[in-house]
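Below is one structure, written out as structure tokens; the observations come after it.
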Amino acid sequence: QVQLVESGGGSVQAGGSLRLSCTISGSTSYVNAIAWYRQVPGKQREVVANILSSGRVEYGDTVKGRFTISGATTANTAVLDMNSLRPEDTGVYFCHANLPYDNYWGQGTQVTVFS
């Protein structure tokens, strides 16, 4: 059984920073990619950042230059450092793991940015 455990999140004033962590446990022989998604009520879940097994990292357009994803699929961890936060970054952040034969989601963690 694969589980994704997220930590971090919370409330912060605009311009502040937060860190999210994701750890994958269970039967994970190989992880293709670990990603962070964001969900805002009434909107589709969007990818914020992801890290691939090659080490390549990718970011959504709205967070480039402000967010940094680190970690490694081989270590089953991914950390998202969020800087210069804006009210529009508010949402529930989900960790996602892509394995060769399945995909898994974390339970989500709330991030609230107030002005």
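What the table below lists for this structure:
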| quantity | calculated |
| --- | --- |
| Computed lengthening from Ser84 to Leu52, 0.36 nm per intervening residue step minus Cα-Cα distance | 9.1 nm |
| Computed lengthening from Gln110 to Gln3, 0.36 nm per intervening residue step minus Cα-Cα distance | 36.7 nm |
| Computed over the chain, Kirkwood Rh from alpha-carbon pairs, angstrom | 14.0 Å |
| Where a label projected 7 Å from the Cα of Arg19 along Cα→Cβ would reach, residues of the stretch 60-83 with amide N under 13 Å | 68-71, 78-83 |
| DSSP-assigned coil residues among chymotrypsin sites (Phe, Trp or Tyr not before Pro) in the stretch 1-89, each with at most 12 further Cβ atoms within 10 Å | Tyr30 |
| Loop sites in the stretch 78-115: chymotrypsin sites (Phe, Trp or Tyr not before Pro), DSSP, at most 16 other Cβ within 10 Å | Tyr101 |
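Values quoted throughout were computed directly from the atomic coordinates according to the rules given, and no laboratory measurement underlies them. What you see is a predicted model; the values in this text were computed from it and never measured. In this analysis, Cβ positions are derived from the backbone assuming ideal geometry, glycine residues included, and neighbour counts consider all displayed protein chains.
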